[in-house]
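Trainee: One structure follows; several queries about it will come next.
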Amino acid sequence: MNIKFPKNDRNYCWTSHSKRKMIQYSIGPNLVKRVIRFPDRKEEGIVENTVASMRRKVGKSSTKETWVMYQYEKGQKRVISTWIFPGESPINKKIFVPEETWIEIYKHQKKKGGNVWL
């Protein structure tokens, strides 16, 4: 399998976590950018100072939502994570975040000296 990772440019910065999630869910960088630019819904992210954008994909047998969590930093959008939610997520309600995700966030925060995504 030949995987082409997105590169940082003047508009987008990609974390290693977001790249891993793109592989896990088979989400390409162009879809991530489309979700950020043209969301069906935009909410406050689960981590401080982040935004979560969503685009819905309705198929014959199921509905899925593609989510992207990012933050603005120095004129760039830092893509933190992306995932696919099966079904329809509740609007403006706290969503369940797996324990392993919180552990990864806090490990990264501790390693980098307090700033979560730098």
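We did not get these values from a lab; they are worked out from the coordinates using the rules stated. Bear in mind that the values here come from a model prediction, so they are computed numbers and not experimental data. Positions of Cβ are generated from backbone atoms using ideal geometry, with glycine treated the same way; all protein chains shown enter the neighbour counts.
Trainee: Obtain the nm distance between the two label points defined at GLU44 and TYR106 by a simple spin-label model: each point lies 7 Å from its Cα along the Cα-to-C-beta direction.
Mentor: 2.2
Trainee: Would you kindly state how much longer the chain becomes between SER26 and ARG10 on full extension, computed as 0.36 nm times their sequence separation minus their alpha carbon distance, in nm to one decimal?
Mentor: Contour length minus the Cα-Cα distance gives 3.3 nm.
Trainee: If you take every residue apart from LYS57 with its C-beta less than 9 Å away from the C-beta of LYS57, what net charge results, scoring Lys and Arg +1 and Asp and Glu -1?
Mentor: +2
Trainee: Another question about this same structure. List the trypsin sites (Lys or Arg not before Pro) in segment 1-40 that DSSP assigns to loop (not H, G, I, E or B) and whose Cβ has at most 11 other Cβ atoms within 10 Å. Which are they?
Mentor: Those that pass, being in a loop and sparsely packed, are LYS4, LYS7, ARG10.
Trainee: Still on this structure, I have one more. With 10 angstrom as the radius, rank THR66, THR50 by how many other C-beta atoms surround their C-beta, starting from the fewest.
Mentor: Starting with the residue having the fewest Cβ neighbours, the order is THR50, THR66.
Trainee: Then there's this: Taking Cα pairs under 8 Å and at least six residues apart, what relative contact order does segment 12-111 come out at, in percent?
Mentor: 25
Trainee: Another question about this same structure. Along the three principal axes, how long is segment 12-111 when you take its alpha carbons, biggest first, rounded to the nearest angstrom?
Mentor: So the extents along the principal axes, rounded to whole Å, are 44, 30, 26.
Trainee: With bins 10 Å wide starting at 0, give me the P(r) of segment 26-73 over every alpha carbon pair, in whole percents.
Mentor: Going from the shortest bin to the longest, the percentages are 27, 51, 20, 3.
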